[in-house]
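One structure below.
The values are calculated or read from the model by the stated rules, or taken from the named source; none is laboratory data. Since we're looking at a predicted model, the values are computed, not measured. Positions of Cβ are backbone-derived with ideal geometry, glycine not excepted, and every protein chain shown enters the neighbour counts.
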Ligand SMILES: Cc1ncc(COP(=O)(O)O)c(C=O)c1O
C-alpha cells in the first residue's frame, strides 16, 4: 500500500529535495507538478482577461477558465455548470451565502449550526444575525464527536430557516450524514448548506444525491492553488438571491441610477475572476480523477485505522473524535505536554503537524481544551510517515 502512495508522492515536487513528512493536510495540501504546470502554462501561453477579449489568447483563456468550471461541475455531479460559482474559498462562499440569504429572513428567525463548525461557518452568520436580529442555535455533539440528533425536534423547528453544517469536521474528523441532515432541514422548510471544505477533497460528493441546497469548498485543500473555492447552489435559489459584490461582469445593464444583474454564475463573480487559480483547480480535479476518489477514500481509511491503532498506544494520549465514520483527521492532547512544545520537537524531525484551535474555538471549549495537536492525511501519506511520527513523539516524551 505504501508503494501506491510513494508513487503518488513522486508527482509532488515539494517532496523531491527533502524528507518532509507532511501531516497538516486539513490546513492545506501540497501541489502536484501538473497543477503547477497548468498555472504556469496559463501565464506563459495565454494570459488575458476572460469573457471580454475577442482575440485568440483571450478566447483561449476563457476556454480554459470555463473548462475548469465544467470539471468542478462533473466532480460534484452538479445538474448544471451554471450552478458552479468561483469564489476565493469556502470562507468567501459562506460569507456570500450569509449575506445574500439573509434578505429573506425576519427578526427572530433561526439559523441552525453545530458545535463542530469552523469559524468560517459561524462568524458570517453572527455578523448577519446581529444586524438583522436573527437567532443562532448549535446542534450539540456527543461523547464520540458525532452530532447528537436525539433531541433534533428542539432544534429543527418552524423558526429554523437555514441549517449550515460541516460535511466533515476539521478537528474531530467526523463525517456528518449530509443527506439525512438535508432531509431534516427540508422537512421544516429550511435551506440546507453543507460546508464541504474537508469533505470534497476526501469523500465522494454528489450534490444531487445529497439533495443539499448549497455545497461549498476550497481548492487548496484538494491539491489546487490557494485563492479559489466553490459555491455550488441549486439554480432556483441562486437566481432568487441578491448578488454579494457589485462590479464588472456581474451586471446586465448599468445606468447612473440603477443596474440589472447578469445570469448565474456570473451574477456572483464580480470583477476579474481568479483565472489562473480556477485553471489550477481544474488540473487538480483531473489529477484526483486519475487517482479515483474511491481509491483516495480507501487509502485514507486504512491509514486512519492504522494511525489510530498506533497513536492510541502513546502514553497519556487523549484522542478527540472517535466516531467510526471518521476521515483522516486525528486531534489529540498528551497529558502535561503543551501541543506547541510537541510540534516544535516534531519539526526538528521535519514532521509538520498542526497545533492550536484550528479555527474552531467554540468546539475546543466543548472539548475543554485551549489547544490541541492535529495530524491529517492525504493521498501521499504512508504507514511509514505514521511510524516516523509515533517514533518522534515517543522520543519527545522521553525528554519530559
Ligand atoms: C470545515 C472547514 N470549513 C471552512 C474552512 C475555511 O476554508 P478556507 O480557509 O479555505 O476558506 C476550513 C478551513 O480549514 C474548514 O476546515
State which residue pairs qualify: first residue on the phi < 0 side of the Ramachandran plot and without any contact (Cβ under 8 Å) to a residue 40 or more places away in the chain and inside the stretch 210-226, second residue outside any strand (DSSP E or B) and more than 12 Å from the ligand (Cβ to nearest atom) in any location, beta carbons under 7 Å apart, and separation of 6 or more residues or different chains. 210/178; 210/179; 210/182; 212/178; 212/182; 213/234; 213/237
Somewhere in the stretch 263-285, is a residue over 18 Å from the mean Cα position of the chain (by Cα), free of Cβ contacts under 8 Å to residues at least 24 places away in the same chain and farther than 18 Å from residue 49 by Cα? no
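Report yes if residue 194 is over 16 Å from residue 122 (Cβ atoms), within 14 Å of the ligand (Cβ to nearest atom) and crowded, with 20+ Cβ neighbours inside 10 Å, otherwise no. Quick ask: steps written out before the conclusion?
Values: over 16 Å from residue 122 (Cβ atoms): no; within 14 Å of the ligand (Cβ to nearest atom): yes; crowded, with 20+ Cβ neighbours inside 10 Å: yes.
The answer is no for residue 194.
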Taking residue 134 as the residue in question, decide whether it is within 16 Å of the ligand (Cβ to nearest atom) and assigned by TED's automatic domain parsing to the domain that holds residue 250. no
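Taking helices (runs of 4 or more DSSP H) that do not extend beyond the stretch 307-400, which have at least 3 residues that are within 30 Å of residue 289 (Cα to Cα)?
Values: elements: 339-348, 361-367, 383-399.
Fully inside the stretch 307-400 and qualifying: 383-399.
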Could you please let me know if residue 219 is assigned by TED's automatic domain parsing to the domain that holds residue 42, closer than 26 Å to residue 190 by Cα and touching a helix residue (DSSP H, G or I) at 6+ places or on another chain (Cβ under 9 Å)? no
For residue 104, the lone unmet condition from (1) more than 9 Å from the ligand (Cβ to nearest atom); (2) touching a helix residue (DSSP H, G or I) at 6+ places or on another chain (Cβ under 9 Å); (3) at pLDDT 95 or above is (3)
Surrounded by fewer than 16 Cβ atoms within 10 Å (Cβ to Cβ) and under 30 Å from residue 363 (Cβ atoms) - does that describe any residue in the stretch 322-333? yes
Name every residue in the stretch 115-169 that is in contact with a helix residue (DSSP H, G or I) (Cβ under 9 Å, 6 or more places away or on another chain) and assigned to a loop (DSSP other than H, G, I, E, B), in order of residue number. 115, 116, 117, 118, 122, 134, 140, 145, 149, 156, 167, 169
